[in-house]
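S.K.: One structure, pasted below without further comment.
The values are calculated or read from the model by the stated rules, or taken from the named source; none is laboratory data. Keep in mind it's a predicted model, so treat the numbers as computed, not measured. Cβ: placed from backbone, ideal geometry, glycine included. Neighbour counts: every protein chain shown. Surface areas here come from the heavy atoms of the whole protein model, side chains and all, with no ligands, DNA or RNA. Shrake-Rupley method; radii C 1.70, N 1.55, O 1.52, S 1.80 Å.
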Amino acid sequence: MDKLKNKFADKGLAKAAEVKEFIKANSEHVLGSYTVDSVFSGMKGMIGLITETSLLDAEEGIRFRGHSIPELRATLPKVAGGSEPLPEGLFYLMLTGELPTEEDVNDVTNAWARRAIVPKHVFNVIDSFPLNAHPMTQFSAAIMALQTESEFAAAYRKGINKKEYWDYTYEDTMNLIARLPRVAAYIYRRTYKFSDHIEPNPKLDWAGNFAHMLGFEGEDFKELMRLYMTIHSDHEGGNVSAHTTHLVGSALSDPYLSLSAAMNGLAGPLHGLANQEVIRWVLELQENLGGGKPSKAQIEEYINKTINEGKVVPGYGHAVLRKTDPRFTAQMEFAKKHMPTDELVNIVWDVYDVAPTILGNYKKIKNPWPNVDAHSGALLVHYGMKEYDFYTVLFGVSRALGVLASLVWDRALGLPLERPKSVTTEWLQNTIAKSKASA
C-alpha cells in the first residue's frame with residue numbers, strides 16, 4: 001500500500017466511525033427549511049450533500065479544506081524555480097485534509113507516472129470519431145473506454161465487503177487521474193494537429209507533462225497548466241459535475257462511469273462549456289467594435305447591447321458567489337506577471353472594470369462579478385491555444401481531481417444511494433391549498 005493510501009486509510013476509516021456516531025446522536029436535528037421557490041429553482045442553497053474536499057462561501061469564495069486560493073498558491077509545493085502550486089499537492093490536501101510536504105507531492109507525481117499507461121483500445125475508440133466530433137464527446141467516451149480497467153468493478157463482481165469499497169475506489173481514482181492527461185492530449189493532437197502525437201515525459205510533473213504532450217514546451221505555459229489544474233479542480237459538491245459524480249457513484253458505479261457522466265454535465269453551456277463561450281464573446285466584441293483594443297465606453301455600449309438583446313454576458317455571475325471569483329483574481333495576477341501588455345488580456349481587464357457596474361443596475365442580475373471562466377480563455381489564446389472547443393477538456397482533467405477525491409470519501413464514509421423525493425406540480429398545488437384552507 002502506498003503512503004498516500006495509508007494516510008487516507010488512517011484518516012478515512014477514523015472519520016467514518018466519527019460520522020456514524022455523529023449521525024446517531026444528531027439525526028433529528030433540523031438544519032433549516034425550504035420553500036416552493038427552493039424546489040422550483042434548482043434546489044439552490046438547500047443543504048443536501050456532504051462533500052469533504054472543499055466549501056464555497058458566497059463572500060470568500062472557494063476554500064479547499066479551509067485554505068483559500070492565495071494561501072495555497074503560497075504554501076503548496078512547487079517545481080524547482082516555479083511559482084505556481086503543483087496540482088498533486090492539492091489532490092493530497094483534498095484527500096487527507098493535510099498540507100503536503102515536497103516528499104508527499106513527489107510520491108503522488110511518481111505514482112501517477114507509473115499508472116499512466118493507456119490501453120490501445122482507448123485510442124482506437126477516440127480514433128473512431130469523426131474529426132469534427134466535439135472534444136468533450138471524445139473525452140467522455142474515452143473515459144468510458146477506460147472502464148475496462150476498473151479494479152472496483154472487478155472486485156465487486158467477485159464479492160467484497162462494504163468496508164473495502166474505498167480501497168478499490170482509491171485505486172481506480174489514482175489510475176484514472178494518471179491517465180487523463182494522456183487521453184486529453186491525444187484528443188487535442190488528433191483533432192487539431194493532424195494526429196502528430198507526443199509521447200509523455202515521465203520526468204515531468206503531472207501538469208507539466210500534460211503541457212508537453214499538448215505540444216507546449218515553454219515553462220510559462222507549464223506554469224499556467226499547474227495553476228489552471230489547481231484552481232479548476234473543485235467547487236464544493238453541488239455543481240453539476242461534482243453532484244453527478246456523487247449521484248452516479250452512489251449507485252456503486254465505479255469512478256470511470258461516474259466521471260464520464262460528470263463530464264457530460266461539464267460539457268453543458270451553463271457549466272464548463274462557458275469558458276469557450278466567454279472567449280468567443282470577447283472576440284466578437286473586439287470584431288464588432290472595429291478590431292484592436294476598444295475604449296471602455298465602447299465596451300459599456302456593447303455590454304448593454306448584449307443584455308438588451310436578451311443575452312447574457314458570458315463569464316459574469318455565479319449561482320453562489322457574490323463577489324469577484326478568487327479564481328479569476330489568481331488568473332489576473334498570473335497575466336500581470338507573464339503577459340501584462342497582451343491586447344486580448346487587457347480587453348478582459350477593461351470588461352472587468354466596467355461590467356460589474358452595468359450588470360449591477362439590472363435587478364434580475366444577482367451577481368455582477370466575474371467567475372473563473374471570464375479570464376481563462378484569454379490566457380490560453382496568448383500561448384497559442386486558440387481551439388476554444390478544447391477548453392472544457394482542460395477543465396475536465398482538472399475537475400477530476402476534486403470529484404474523484406470526494407468519491408473516495410463517499411465510499412469511505414459509506415454514504416448511501418442518493419434518492420431524493422420528487423412530487424408533481426399538482427401535488428404541490430393541492431397540498432398548499434389544503435394547508436391554507438386549514439389555516
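S.K.: Please go through segment 346-439 and write out the GluC sites (Glu not before Pro) that DSSP classes as loop and that have at most 15 other C-beta atoms within 10 Å.
M.R.: Those satisfying the criteria are 418.
S.K.: Indicate the gyration tensor shape class of segment 178-259 (rounded, prolate or oblate), computed on the Cα atoms with a ≥ b ≥ c the square roots of the eigenvalues: a/c under 1.5 is rounded; otherwise a/b larger than b/c is prolate and the rest oblate.
M.R.: Prolate, since a/c reaches 1.5 and a/b exceeds b/c.
S.K.: Calculate log10 I(q)/I(0) of segment 288-340 for q = 0.15, 0.24 Å⁻¹, where I(q) comes from the Debye formula with a single equal point scatterer on each Cα and nothing for solvent.
M.R.: -0.65, -1.05
S.K.: Once the Cα gyration tensor of segment 35-173 is found, what semi-axes does its equivalent ellipsoid get, as square roots of 5 times the eigenvalues, in whole Å, sorted largest first?
M.R.: 29, 26, 20
S.K.: For residue 71 and residue 164 in one chain, what is 0.36 nm times their gap in residues minus the Cα-Cα distance, to one decimal in nm?
M.R.: Here the answer is 30.0 nm.
S.K.: Moving on. Calculated from DSSP H runs of 4 or more alone, at -39500 (n - 2.57) each and per residue, what is the 222 nm mean residue ellipticity of the chain, nearest 500?
M.R.: -19000 deg cm²/dmol
S.K.: Given Cα pairs under 8 Å that are at least 6 residues apart, what percent is the relative contact order of segment 237-379?
M.R.: 27 percent.
S.K.: Could you give each residue of segment 12-20 its phi-based ³J(HN,Hα) in whole Hz, using Karplus coefficients 6.51, -1.76, 1.60 with θ = phi - 60°, and x for Gly or Pro?
M.R.: x, 5, 5, 5, 4, 5, 4, 5, 4
S.K.: Could you rank the peptides 253-262, 405-414, 291-300 by their average count of other C-beta atoms within 10 Å per residue, with the highest value first?
M.R.: So the order, starting with the most tightly packed, is 253-262, 405-414, 291-300.
S.K.: Ok, one more. Considering only 195, 147, 175, whose Cα is most displaced toward the positive end of the charge dipole of segment 129-208, charges sitting on Cβ of Lys, Arg (+1) and Asp, Glu (-1)?
M.R.: 195
S.K.: Roughly how many Å² is the accessible area per residue of segment 111-217, as a whole number, for a 1.4 Å probe?
M.R.: 45
S.K.: Cα-based Rg of segment 320-388 per 2.2 N^0.38 Å, rounded to two decimals?
M.R.: 1.16
S.K.: Of all GluC sites (Glu not before Pro) in segment 195-241, which ones are in loop regions per DSSP and have a Cβ with at most 13 other Cβ atoms within 10 Å?
M.R.: Here the sparse-neighbourhood loop sites are 217.
S.K.: Could you give the length gained on full extension between residue 17 and residue 203, defined as 0.36 nm per residue of separation minus the Cα-Cα distance, in nm?
M.R.: 63.0 nm
S.K.: Please compare each pair in 120/158; 296/386; 7/421; 120/193; 293/337 to a cut-off of 29 Å on the Cα-Cα distance and tell me which ones are over it.
M.R.: 7/421
S.K.: Between segment 284-311 and segment 352-424, what is the C-alpha centre distance in whole Å?
M.R.: Cα centres, segment 284-311 to segment 352-424: 25 Å.
S.K.: Over the chain, what is the mean sequence separation of C-alpha contacts under 8 Å (at least six apart), divided by residue count, expressed as relative contact order in percent?
M.R.: Once normalised by length, the contact order is 21 percent.
S.K.: Return the single residue from 346, 106, 361 with maximal mean-square fluctuation; model: Gaussian network over the chain, springs between Cα atoms under 10 Å.
M.R.: Most flexible of the set in this elastic network: 361.
S.K.: Hey, another quick one. Enter the per residue convex hull volume of segment 164-323, computed from alpha-carbon coordinates, in Å³ rounded to the nearest integer.
M.R.: 169
S.K.: Can you pull the percent of Cα pairs in the chain with separation above 37 Å?
M.R.: Every Cα pair in the chain considered, those over 37 Å come to 26 percent.
S.K.: If you don't mind, another one. Quick check: with the 1.4 Å probe, what order do 216, 390 take by accessible area, largest first?
M.R.: Order by accessible area, largest first: 216, 390.
S.K.: Measuring from the lowest to the highest alpha carbon on each principal axis, how far does segment 121-245 reach, largest first, in angstroms?
M.R.: The Cα atoms of segment 121-245 stretch 47, 33, 32 Å along the principal axes, largest first.
S.K.: Could you let me know the centre-to-centre spacing of segment 168-235 and segment 36-60, using Cα atoms, in angstrom?
M.R.: About 31 Å separates the Cα centre of segment 168-235 from the one of segment 36-60.
S.K.: OK, next. Check residue 54: other-chain or 5+ apart residues with amide H under 5 Å from its amide H, H built from backbone geometry?
M.R.: Excluding prolines and chain starts, which carry no amide H, the hits are 65, 236.
S.K.: For segment 1-67, report the % of Cα-Cα distances exceeding 21 Å.
M.R.: Considering segment 1-67, 50 percent of its Cα-Cα pairs are separated by more than 21 Å.
S.K.: Going by a ≥ b ≥ c, the root eigenvalues of the Cα gyration tensor, does segment 334-439 fall in the rounded group (a/c under 1.5), the prolate group (a/b larger than b/c) or the oblate group?
M.R.: oblate
S.K.: Residue 308 to residue 337: FRET efficiency via 1/(1 + (r/R0)^6), r the Cβ-Cβ distance, R0 45 Å, to the nearest 0.05?
M.R.: Plugging the Cβ-Cβ distance into 1/(1 + (r/R0)^6) gives 0.75.
S.K.: Within the accessible area of segment 69-133, what % is carbon and sulfur when the probe is 1.4 Å and the other protein chains stay in place?
M.R.: About 56 percent, which is the carbon plus sulfur part of the accessible surface.
S.K.: Quick one: compute the contact order of segment 109-204, relative version, from alpha carbon pairs under 8 angstrom and 6+ residues apart, as a percent.
M.R.: Over segment 109-204, the number comes to 40 percent.
S.K.: Nearest 0.05, what FRET efficiency do residue 366 and residue 25 give at R0 = 41 Å with Cβ-Cβ as r?
M.R.: Efficiency, rounded to the nearest 0.05: 0.65.
S.K.: Can you give me the long-range amide H partners of residue 316? Hydrogens built in the peptide plane at 1.01 Å from N, cutoff under 5 Å, separation of 5 or more residues or another chain.
M.R.: Amide H neighbours of residue 316, under 5 Å, 5+ apart: 371.
S.K.: Tell me, what is the Rg over Rh of segment 52-106, with Rh the Kirkwood radius over Cα pairs?
M.R.: 0.98
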